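Here is the structure we will look at, set down as C-alpha cells.
The values are calculated or read from the model by the stated rules, or taken from the named source; none is laboratory data. Being a predicted model, the structure only gives us computed values, none of them experimental. Reconstructed Cβ throughout: ideal geometry from the backbone, glycine too, with neighbour counts over all protein chains shown.
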Amino acid sequence: MSFYENIFIARQDLSPSQVDALVENYKNLVKNQKGEVKDHEYWGLRTLAYPIRRNRRGHYVLLKIKAPAKTISALRHDMNLNEDVLKSLSVRVEKLEEGPSIMMQTKRDDE
C-alpha cells in the first residue's frame, strides 16, 4: 500500500457540517476499498485565486490516506462526479507527515 495526500475544495455554500458529512463519505469509500484515512484536516473557508464554477470561496480539506492505487482511482472518480467538490488533487508521498500540516501551523501562528 502507498501513502497519498488528497486535497479537495468544496463549494462555498455548504455548511461546515455538510463538509464533515462529505469527509465521512470519503472516509467510508476509502475504508470499503481496503484503504485507511490516517488523518484529515479542515482548513476552513478560503478565498480562491480565481472563480471556479461561479464560486469565489471554498472549503479546503486535506485527507492523509494509506491505500492501494485502485482506491485512489475510485476516490478521484467519486470526487469528479460530486457537484459539491470544485477541485481535487491526489499526490503520492513517501511517508505521511506526523502532526499538523504547514497550512495548519501557519494558521496557528497567525492567531
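Observations
- Of all residues in region 1-29, none satisfies the criterion of being exposed (fewer than 12 other Cβ atoms within 10 Å of the Cβ) and either in contact with a Lys or Arg (Cβ under 7 Å, 6 or more places away or on another chain) or aromatic (Phe, Trp, Tyr) (or both).
- Considering residues of region 30-40 that are over 19 Å from VAL19 (Cα atoms) and surrounded by 15 or more Cβ atoms within 10 Å (Cβ to Cβ) only, the residue nearest to the chain's Cα centre (by Cα): GLY35
Per-residue answers, yes or no, for (1) touching a helix residue (DSSP H, G or I) at 6+ places or on another chain (Cβ under 7 Å); (2) at pLDDT below 95; (3) surrounded by fewer than 15 Cβ atoms within 10 Å (Cβ to Cβ); (4) farther than 21 Å from ASN25 by Cβ:
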site	(1), (2), (3), (4)
ARG57	no, no, no, yes
LEU63	yes, no, no, no
ALA69	no, yes, yes, no
ARG76	no, no, no, no
MET79	no, no, no, no
LEU89	no, no, yes, no
GLY99	no, yes, yes, yes
ILE102	no, yes, yes, yes
GLN105	no, yes, yes, yes
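- In summary, TRP43 fulfils each of the numbered conditions (1) at pLDDT 95 or above; (2) surrounded by 15 or more Cβ atoms within 10 Å (Cβ to Cβ) with the single exception of condition (1).
- Selection of region 41-98 for residues being of a type in the set (Phe, Trp, Tyr) and without any contact (Cβ under 8 Å) to a residue 60 or more places away in the chain yields TYR42, TYR50, TYR60.
- Count of region 1-16 residues which are under 15 Å from the mean Cα position of the chain (by Cα) and either in a helix (DSSP H, G or I) or of a type in the set (S, T, N, Q) (or both): 3
- Number of the exception - LYS64 against (1) of a type in the set (Lys, Arg); (2) out of contact with any Asp or Glu (no Cβ under 7 Å at 6 or more places or on another chain); (3) at negative phi: (2)
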